Amino acid sequence: MPNILKKVKTQKNVETLRTAMIKSGTENGLNHPTTIKLSQNLDRLLNEYTITFSN
């Protein structure tokens, strides 16, 4: 059961980061350091999610 809770929490984190990245990209541009950092963080989280929850 804890694995399911971790999965849901990670999914929420992915959505939060994705929303922040889109907002930053819209407001600051795609090459802005904040947008790039958010994109990198999202990539890491998605990689972690894929490795952890791919069965």
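The values are calculated or read from the model by the stated rules, or taken from the named source; none is laboratory data. If you're wondering where the values come from, they're calculated on a predicted model, not measured in any experiment. Glycine gets a Cβ as well: all are built from the backbone with ideal geometry, and neighbour counts include every protein chain shown.
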- Task: Kindly indicate whether Thr16 is modelled with pLDDT under 95, in a helix (DSSP H, G or I) and among the hydroxyl-bearing types (Ser, Thr, Tyr).
- Result: no
- Query: Can you tell me which residues in the range 29-43 are in a helix (DSSP H, G or I) and surrounded by 11 or more Cβ atoms within 10 Å (Cβ to Cβ)?
  - Reply: Thr34, Thr35, Ile36, Lys37, Leu38, Ser39, Gln40, Asn41, Leu42, Asp43
